[in-house]
1. Which value, in Å² and to the nearest 10, is the accessible area of L144 when all protein chains are kept and the probe is 1.4 Å?
2. Using a simple spin-label model with points 7 Å from Cα along the Cα→Cβ vector, what separation in nm is obtained for T142 and L184?
3. Not counting ligands, DNA or RNA, and with a 1.4 Å probe, what is F179's accessible surface area in Å² rounded to the nearest 10?
4. Taking every eigenvalue of the Cα gyration tensor of segment 130-201, multiplying by 5 and rooting it, what semi-axes result, largest first, whole Å?
Amino acid sequence: MTDPQLPPPPGAVPPVPPVSAQPQPSSPGAMPPPAYPAYAVAPPAPPAAPPGAYQVPVGGYAAPSGGYVVPDASPQRSSLLGVLALGLSLVAAVVIPVIGGLNAFEIGRRLPQGVSTGRDLSFLSPAREQVLWTEISFWTGTVLGIAAIVLGILAIRRKQGRGAGIAALVIAVVAVAIFFVAVLIAFGVGGATGVATTFST
């Protein structure tokens with residue numbers, strides 16, 4: 001038996017170490033495994049709460065859904081001004097033109113055709129009542145339209161029905177054109193009706 005302390009004789013083959021003892025080749029670019037300590041020290045446990053203490057939930061307190069919203073301290077303003085302005089403008093744009101149109105129709109139907117007016121207004125005598133009501137309706141619509149414009153401006157400035165106030169301004173301005181268009185159309189239709197009645201008789 002060969003003494004392990006002596007060198008091997010010349011020509012002897014050195015012993016091959018077992019496969020498990022040979023170092024394994026690592027893939028190129030691979031990192032060597034980290035060296036872990038032989039033992040790991042656990043962190044110290046938190047001190048226990050005294051009996052009867054209030055326990056804080058894990059992760060802290062959750063905020064309430066929706067959150068708190070400070071209520072508006074300013075009182076809700078009434079929209080009376082805007083509604084009133086809108087009502088006056090609708091009367092000036094709808095009711096007054098209808099009244100004026102009906103009277104203008106009667107004026108056109110009653111006036112004699114082919115009369116030269118000039119400055120003599122006596123030709124209006126057959127329809128003097130209708131002329132008077134047409135004039136009254138015109139001035140009434142003018143007053144209502146101006147009142148609607150003033151109240152609409154106040155409603156917009158004071159924020160008391162701003163939407164209704166804006167609508168009242170627009171309708172009151174357009175009401176003038178609606179009145180004149182209705183009166184002219186009704187007067188023309190009334191005149192044509194009067195001519196047809198004259199020829200038929």
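1. Number for this one is 40 Å².
2. Between T142 and L184, the label points sit 1.8 nm apart.
3. The accessible area of F179 comes to roughly 20 Å².
4. Values: eigenvalues 286, 27, 7 Å².
Working from the Cα gyration tensor, I get semi-axes of 38, 12, 6 Å.
The values are calculated or read from the model by the stated rules, or taken from the named source; none is laboratory data. Predicted model only: the values in this text are computed from it and were never measured. No Cβ is skipped: glycine too gets one built from the backbone with ideal geometry, and neighbour counts run over all protein chains shown. Calculation scope for accessible area: heavy atoms of the full protein, side chains included, ligands and nucleic acids excluded. Shrake-Rupley method; radii C 1.70, N 1.55, O 1.52, S 1.80 Å.
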